[in-house]
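Notes for the one structure printed next.
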Amino acid sequence: MNLQLSRPLAFFDLETTGIQVGKDKIVEICILKVQKDGTEECKTWRVNPGMPIPKQSSDVHGITDEMVKDCPTFPKVANEVHNFIKGADLSGYNSNRFDLPLLAEEFLRADINFEMKSRRSIDVQSVFFKMEPRTLTAAYRFYCNKELVGAHGAEADTRATYEILKAQVERYDELLGDSESMAEFTKPGQPNADLAGMIKFDDEGDEIFNFGKHKGKKVSEILANEPGYYAWMQNADFPQYTKNILTAIKLRNFNK
């Protein structure tokens, strides 16, 4: 069975300065946009993060400070990236937990109001972990019977992710091949209110904290009873997307 797309599906992968969503930056992004008819368009941007790339990160993806010193910063390419994925659903490998939240942070820093309400997100890793727990390299070997040459390069990982999803649709009857059902299959068991999973929805549809001393408690109640908690989160090293969601909840309750 082939992928059955109701809108374009943009596979993407980030190489970054580290793994902290709220503070680390993109050094390379590749997007492979697949149209409903299966035609493909691939673009890669090398980015100057405006901060030193730690050696441990360079050891993973091979990108050094010298290699990006003359590259544009993300705000310089943000509009081009945003326009390229306009109207498309998104897919990646571990994208729901890392790539998507970090990409959203970069857009917010560039003053672009990136939102996911009109998009679906398909995490290929989620399918793999539910069916055959392994790594990306092993997934590529298992589903595509190929060795992943150039692993941890954005384009190599992006194209491998696309090939894996197509093979997963062929292998598993549970995957119908359309974006809506695949997004439903790969989303977390308890839906997130923000992209980083710091705030989730409970069974009643209310936002609850998913970390710290207030984990499992309703956000609206904590904000009402502990006004200082809002200020602490706004000043702490949380993703800006999470802070924006928190502000929206605070304003919603204030307007009541």
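What follows draws every value from the coordinates through simple rules; no lab data is involved. In this text, all values refer to a predicted model and were calculated from it rather than measured experimentally. No Cβ is skipped: glycine too gets one built from the backbone with ideal geometry, and neighbour counts run over all protein chains shown.
What the table shows:
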read-out: Output for region 78-113, where each listed residue is outside any helix (DSSP H, G or I) and either touching a residue at least 60 places away in the same chain (Cβ under 8 Å) or touching a Leu at 6+ places or on another chain (Cβ under 6 Å) (or both); value: 85, 87, 88, 89, 90, 91, 92, 93
read-out: Some residue of region 164-172 being of a type in the set (Lys, Arg), in contact with a strand residue (DSSP E or B) (Cβ under 9 Å, 6 or more places away or on another chain) and either on the phi > 0 side of the Ramachandran plot or touching a residue at least 60 places away in the same chain (Cβ under 8 Å) (or both); value: no
read-out: Selection within region 26-57 - surrounded by fewer than 18 Cβ atoms within 10 Å (Cβ to Cβ), of a type outside the set (Lys, Arg), out of contact with any Leu (no Cβ under 8 Å at 6 or more places or on another chain) and not in a loop (DSSP other than H, G, I, E, B); value: 44, 56
read-out: Helices (runs of 4 or more DSSP H) fully within region 194-256 counting 1 or more residues that are under 19 Å from residue 116 (Cβ atoms) and touching a residue at least 40 places away in the same chain (Cβ under 8 Å); value: 240-255
read-out: Output for region 113-144, where each listed residue is aliphatic (A, V, I, L, M), within 20 Å of residue 178 (Cα to Cα) and either surrounded by fewer than 21 Cβ atoms within 10 Å (Cβ to Cβ) or within 12 Å of the chain's Cα centre (by Cα) (or both); value: 116, 122, 124, 131
read-out: Candidates 156, 110, 151 - the one that is closer than 30 Å to residue 76 by Cα, touching an Asp or Glu at 6+ places or on another chain (Cβ under 7 Å) and surrounded by fewer than 20 Cβ atoms within 10 Å (Cβ to Cβ); value: 151
read-out: Pick from region 9-25, criterion surrounded by fewer than 22 Cβ atoms within 10 Å (Cβ to Cβ) and touching a Gly at 6+ places or on another chain (Cβ under 8 Å), ranking: nearest to residue 63 (Cα to Cα); value: 25
